[in-house]
1. What is the one condition in (1) surrounded by 19 or more Cβ atoms within 10 Å (Cβ to Cβ); (2) within 30 Å of residue 29 (Cβ to Cβ) that residue 199 does not satisfy?
2. Applying the selection to the range 102-112, what residues are within 15 Å of residue 54 (Cα to Cα) and part of a loop (DSSP other than H, G, I, E, B)?
3. Step by step: first the residues of the range 79-96, then only those that are in a helix (DSSP H, G or I) and surrounded by fewer than 20 Cβ atoms within 10 Å (Cβ to Cβ), then the one that is farthest from the chain's Cα centre (by Cα). Which residue is that?
4. Can you tell me which residues in the range 211-230 are surrounded by fewer than 19 Cβ atoms within 10 Å (Cβ to Cβ) and either modelled with pLDDT of 95 or more or assigned to a helix (DSSP H, G or I) (or both)?
5. Check off (1) more than 23 Å from the chain's Cα centre (by Cα); (2) within 22 Å of residue 173 (Cα to Cα) for residue 118 and give me the number that stays unchecked.
6. Taking the condition in a helix (DSSP H, G or I) and either out of contact with any helix residue (DSSP H, G or I) (no Cβ under 8 Å at 6 or more places or on another chain) or within 12 Å of residue 245 (Cα to Cα) (or both), does residue 267 pass?
7. Among the residues of the range 60-76, which ones are surrounded by fewer than 17 Cβ atoms within 10 Å (Cβ to Cβ), touching a residue at least 24 places away in the same chain (Cβ under 8 Å) and either touching a helix residue (DSSP H, G or I) at 6+ places or on another chain (Cβ under 9 Å) or not in a helix (DSSP H, G or I) (or both)?
8. Restricting attention to the range 310-325, and to residues there that are crowded, with 20+ Cβ neighbours inside 10 Å and within 15 Å of the chain's Cα centre (by Cα), which single residue is farthest from residue 58 (Cα to Cα)?
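The values are calculated or read from the model by the stated rules, or taken from the named source; none is laboratory data. On a predicted model such as this, the values are computed, not experimentally measured, just so you know. In this analysis, Cβ positions are derived from the backbone assuming ideal geometry, glycine residues included, and neighbour counts consider all displayed protein chains.
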């Protein structure tokens with residue numbers, strides 16, 4: 001079939017018009033598509049119960065500015081996980097507690113100074129006692145344990161190293177929980193290639209990748225899990241869903257095996273919110289052991305996105321995150337029932353906080 005000169009002319013004009021409008025050399029990092037879905041949205045200004053943010057890092061923040069945001073969003077208390085040690089940790093603790101002791105609590109940061117000492121465990125227990133005497137309500141072990149820390153012989157320090165056992169027993173004696181942030185999301189241990197769902201984030205921050213590290217993520221988690229098992233009298237908190245948000249079946253087994261374990265949801269709405277059916281069932285089953293936490297700088301919009309995620313049945317909306325989003329997906333609300341929300345927002349945290357901090 002022959003094409004008329006008129007059709008050819010129209011075709012050329014159409015092609016030119018489309019080419020002129022399209023940004024054919026648009027970089028993937030600049031691509032920010034806007035959803036065309038027309039669906040109900042609900043803006044939750046305040047949670048249905050006063051909330052305790054059990055996982056945040058406030059060291060650089062102004063206490064009074066944080067309080068302003070807390071009041072606006074009905075945050076009853078924020079637990080600051082200081083990333084400082086020694087006198088600097090005590091100063092950070094005092095900075096917030098002196099302004100509003102009933103609104104702030106502090107979890108200490110494991111101090112590895114002197115790791116090569118033969119009496120390191122005893123020194124660590126003394127430090128832990130001092131932190132608690134000044135009002136600390138827990139201690140956090142970060143992902144450097146198992147990945148980068150080395151003992152006096154230059155050997156990578158295992159999470160389940162028996163030399164650390166007295167520290168976990170001391171936490172039980174002091175009636176404070178031990179928080180673990182072991183490993184990172186699965187994508188951080190995978191190659192940074194076209195199959196990695198967090199490629200853009202890791203390409204921008206390649207130092208966050210642990211691909212090719214000496215220890216596999218599965219090995220790190222198993223080392224940590226042995227600590228849970230060896231210290232049944234110690235209460236543990238697995239930060240960021242115990243770094244297992246991509247695998248709720250595994251996390252279910254973990255919680256069933258270790259009754260002394262809680263988990264927080266901080267910075268893991270991107271994982272939970274894209275598997276809403278499984279996530280809702282998980283949250284209902286373990287409502288007594290899940291803690292509300294954010295791990296994001298206090299901000300009104302951030303808190304309200306968390307409330308929307310937990311309380312509504314809204315579909316396909318943005319998740320709260322740092323400046324760089326974790327991946328190219330959106331989330332769905334879990335519309336949790338009131339009795340579950342009450343536990344997750346505050347009651348579970350109150351079980352872990354000392355009476356003086358409640």
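1. Here residue 199 meets the rest and fails (1).
2. Residues satisfying the conditions are 102, 103.
3. Among those that are in a helix (DSSP H, G or I) and surrounded by fewer than 20 Cβ atoms within 10 Å (Cβ to Cβ), it is 87.
4. If the condition is that a residue be surrounded by fewer than 19 Cβ atoms within 10 Å (Cβ to Cβ) and either modelled with pLDDT of 95 or more or assigned to a helix (DSSP H, G or I) (or both), then 211, 216, 218, 219, 222, 223, 226, 229, 230 are the ones that fit.
5. Residue 118 satisfies every listed condition except (2).
6. No: the conditions fail for residue 267.
7. 72, 74, listed by residue number.
8. That would be 319.
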